[in-house]
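Colleague: Provided herewith is a single structure, encoded as structure tokens, for subsequent inquiry.
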């Protein structure tokens, strides 16, 4: 099994295990985009979307770092960022793709109204799979 296949399998498993909590995060943030951190043990840790927008998110880098440190201190391993698309699909927008590239965010989980999808940034954006919501 190569790294890409292992990553795909791991993210698919993580999305399935965190399915309920990711769906709740989508509902809790609605009608705005929600954003947060997903850990290897399926903790869904919401962050504040400073944009207060249904079309984009902005997060404070310092708060993201502090959240990652706190999760790690509690024994959790942050592995992905998630955000929601209140009315769109679970496919990344051009803005999402640019954010991943600029922030070296390797794994992003996007929660849409009908599905949850995993994405990874390497040299470009790659799909890791999708599950129904």
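Any read-out appearing in this document is the output of simple, stated calculations on the displayed coordinates, not a laboratory observation. It should be emphasised that the depicted structure is a prediction, and the values quoted were computed from it without experimental measurement. We place every Cβ from the backbone using ideal geometry, glycine too, and count neighbours over all the protein chains shown.
Colleague: Taking 0.36 nm per residue of separation and subtracting the Cα-Cα distance, what length does fully extending residue 94 through residue 58 add?
Modeller: Gain in length upon complete extension: 11.5 nm.
Colleague: Sticking with this structure for a sec: When only Cα pairs under 8 Å and 6 or more residues apart are kept, what is the percent relative contact order across the chain?
Modeller: 23 percent
Colleague: Taking one equal scatterer on every alpha-carbon of the chain, how large is log10 of I(q)/I(0) by Debye at q = 0.22 1/Å?
Modeller: Scattering profile of the chain, log10 relative to I(0): -1.50.
Colleague: Expected output is a single nm value to one decimal: the length gained when fully extending between residue 101 and residue 17, i.e. 0.36 nm times separation in residues minus the C-alpha distance. What is it?
Modeller: Answer, rounded to one decimal: 27.6 nm.
Colleague: How compact is segment 75-133 by the rule of thumb for globular proteins, expressed as Cα Rg over 2.2 N^0.38 Å?
Modeller: 1.08
Colleague: Please label the shape of segment 43-90 as rounded, prolate or oblate, based on the square roots a ≥ b ≥ c of the eigenvalues of the alpha-carbon gyration tensor (a/c under 1.5 means rounded; beyond that, a/b larger than b/c means prolate, else oblate).
Modeller: Taking the square roots of the gyration eigenvalues as a ≥ b ≥ c, segment 43-90 is oblate.
Colleague: Need one number: nm distance between label points at residue 66 and residue 4, each 7 Å from Cα along Cα→Cβ, rounded to one decimal.
Modeller: For residue 66 paired with residue 4, the spin-label model returns 4.0 nm.
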